[in-house]
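Here's the structure we're looking at; comments come further down.
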Amino acid sequence: MKGDLENTCVREGREDAPRSSASDLSLEENLRQILVELGEDPNREALVKTPRRVAKSLRFLTRGYRLDIDKVLNGALFDVCYDEMVIVKDIELFSLCEHHLLPFFGRCHVAYIPKRKVIGLSKIPRIVEVFARRLQVQERLTTQIARTIMEKIDPLGVGVVIEARHLCMIMRGVEKQNSVAVTSAMLGAFRDNPQTREEFLTLVRGN
Ligand SMILES: [Zn+2]
């Protein structure tokens, strides 16, 4: 899958930056206004704290914008003499579709073949998290994960498969309830060598 590199830009780490309360209040105020526009009474007891809760929830669900990939990896790269495929499969994934601001969720499978370095296994789900916790389309998310691993680990190749269900399809009745969208990004050996790609896909399927 080909995508724009500029889409993969990882912003400077601002995770520790204090939230500007003005920005939080503005988000809350806008959410109050949305309640009004929907025909609700934002002063109704059960709704009074809803804008604050939703604002906090949205900040969390988009925290990937404020994560710095290098800080996340924190130098967890190790020199090894291992050149077989490394696979981390069934990584839980939650993201927000950028078209409807509704969740899509499922599983992500990541594989790479080391050249000189491997990365701590626990870092792979963290990389997925950095890009999933943003407004996304599944295709771009898949590519960003693959390209980041390619860039940071410099392996012989990377394969990423995401299987996800989109609430914007399911809840709005656009598609059948059980439809799953599958996307993949294959780079290096995974793109050039059908056997490598097939080995990965077979291991992923063997759930
Ligand atoms: Zn959508």
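Key figures
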| quantity | calculated |
| --- | --- |
| Any hit, segment 125-133, residues being charged (D, E, K, R), closer than 17 Å to Val88 by Cβ and touching a helix residue (DSSP H, G or I) at 6+ places or on another chain (Cβ under 6 Å) | yes |
| Selected residue (criterion: most open to solvent (accessible area, probe 1.4 Å)) from residues of segment 39-68 that are under 26 Å from Phe94 (Cα atoms) and in a loop (DSSP other than H, G, I, E, B) | Lys49 |
| Among the residues listed as Phe78, Phe94, the single one being over 19 Å from Gly64 (Cβ atoms), outside any loop (DSSP other than H, G, I, E, B) and open to solvent by 70 Å² or more (accessible area, probe 1.4 Å) | Phe78 |
| One residue from Ile127, Ile162 being open to solvent by less than 20 Å² (accessible area, probe 1.4 Å), away from the ligand (no atom under 16 Å from the Cβ) and closer than 30 Å to Tyr82 by Cα | Ile127 |
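Yes or no, residue by residue, for (1) farther than 23 Å from Arg66 by Cβ; (2) of a type outside the set (A, V, I, L, M, F, W, C):
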site: Thr142; (1), (2): no, yes
site: Ile162; (1), (2): no, no
site: Arg165; (1), (2): yes, yes
site: Cys168; (1), (2): yes, no
site: Gly173; (1), (2): yes, yes
site: Gln177; (1), (2): yes, yes
site: Ser184; (1), (2): yes, yes
site: Gly188; (1), (2): yes, yes
site: Arg191; (1), (2): yes, yes
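Residue by residue, here is whether (1) free of Cβ contacts under 8 Å to residues at least 40 places away in the same chain; (2) open to solvent by 30 Å² or more (accessible area, probe 1.4 Å) holds:
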residue: Pro114; (1), (2): no, no
residue: Ile119; (1), (2): no, no
residue: Thr148; (1), (2): no, no
residue: Met169; (1), (2): yes, yes
residue: Ala185; (1), (2): no, no
residue: Gln195; (1), (2): yes, yes
residue: Leu203; (1), (2): no, yes
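The values are calculated or read from the model by the stated rules, or taken from the named source; none is laboratory data. Just so it is clear, the structure is predicted and the values come from calculations on it, not from any experiment. Cβ sites come from the backbone with ideal geometry, for glycine too, and all protein chains shown count toward neighbours. Keep in mind that these areas ignore ligands, DNA and RNA; they rest on the heavy atoms of the full protein, side chains included. Shrake-Rupley method; radii C 1.70, N 1.55, O 1.52, S 1.80 Å.
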